[in-house]
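Just so it is clear, none of the values below were taken in a lab; they were calculated from the coordinates. The structure presented is a predicted model; accordingly, all values stated were derived computationally and were not measured. Neighbour counts run over all protein chains shown; Cβ positions are idealised from the backbone, glycine included.
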Amino acid sequence: MQHLIAPSILAADFANLQRDIELVNASEADWFHLDVMDGVFVPNISFGMPVIKAIAQHAKKPLDVHLMIVDPDRYIEEFKNLGADVLTVHYEACTHLHRTVQSIQTHGMKAGVALNPHTPVEGLKDIIEDVDLVCLMSVNPGFGGQKFIERTYDKVRALRKMIDDSTSCALIEIDGGVGPENWEKLVDAGANVLVAGSSTFRASDPHAAVRKMKGMQ
């Protein structure tokens, strides 16, 4: 499959949010990536339900919601009602991960599991056939604009082998420090979805940046 680009709204201009949503709508990007942070699981607070509701009113592409929060099970139904198409929870935040994944899917969303940079992919072996997406954090979660962690390439290759050796159809998503200089290497390693925040919204030509990261120019 052609890899997907998911601009991270965390890097958008919140004083001109509708403008940046329309920018993504009009671009070759595939998803909106929405990072929800609670200031507990990660050392930052981003945005919550009212902002996502406003985004959903204007977005014409799927909403890929990434929960960087403790106790995500409490909010699964609410995020479904807000319009999430993909709901990703952190491996490190879920005591009963399989139950959480099942609940997300029961609510009609694709279920994703995110791994922090220090978490090995081997921990997903017993659940890989049940998830729709695995999000590998390629920076420490909490803030946009960080430097890409080079070890990520090895994790992508290991995860790709795990998926290919199973009956899983899970997509591999990379979140953090993705841009024109490394997107191709990530896709070659086996990534399917690239979260591109700063490299999209802070580019001199966001449309051209997205096209480049999709290999269209």
In Hz, Karplus ³J(HN,Hα) per residue of the stretch 203-217 (6.51, -1.76, 1.60; θ = phi - 60°; x = Gly, Pro): 6, 5, 9, x, 5, 5, 4, 5, 4, 5, 6, 9, x, 8, 7
Inter-centroid distance (Cα atoms) of the stretch 70-136 relative to the stretch 8-57, Å: 19
Amide H partners (placed H, <5 Å) of Val113, local residues excluded: Val89, Leu133, Val134, Cys135
Estimated vicinal HN-Hα couplings, Hz - the stretch 172-180 in sequence order (Karplus 6.51, -1.76, 1.60; Gly, Pro = x): 9, 10, 10, 10, x, x, 8, x, x
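Exposure proxy check: Thr88, Thr106 ranked by fewest other beta carbons within 10 Å?
Thr106, Thr88
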Contour excess over end-to-end distance, with Cα ends at Asn140 and Asp164 and 0.36 nm allotted per residue: 6.0 nm
Reachable lysines, given that their alpha-carbon falls under 18 Å from the alpha-carbon of Lys147 and they are not under 8 places away in the same chain: Lys155, Lys185
Lysines with Cα under 29 Å of Lys53, excluding same-chain neighbours fewer than 8 positions away: Lys61, Lys80, Lys110, Lys214
Distance-filtered residues of the stretch 27-47 - backbone nitrogen under 18 Å, label point 7 angstrom along Asp205 Cα→Cβ: 27-29
At R0 = 25 Å, FRET efficiency that the Cβ-Cβ distance of Met1 and Asn25 yields, to 0.05: 0.70
Lys/Arg +1, Asp/Glu -1 at C-beta; the chain dipole; positive extreme among Thr152, Ser27, Gly83: Ser27
Options Leu186, Asn44, Ala203, ranked by Cα towards positive dipole end of the chain, top entry (Cβ charges): Ala203
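Any idea what the dipole of the stretch 1-153 comes to, in debye rounded to 20, about its Cα centre with Lys/Arg Cβ at +1 and Asp/Glu Cβ at -1? Walk me through the numbers before you get to the answer.
On the way: 11 positive and 20 negative charges, 39 e Å.
Using Cβ point charges on Lys, Arg, Asp and Glu, the stretch 1-153 gives about 180 debye.
Tell me whether the stretch 4-213 comes out rounded, prolate or oblate; compute the Cα gyration tensor, take square roots of the eigenvalues as a ≥ b ≥ c, and use a/c under 1.5 as the rounded threshold.
oblate
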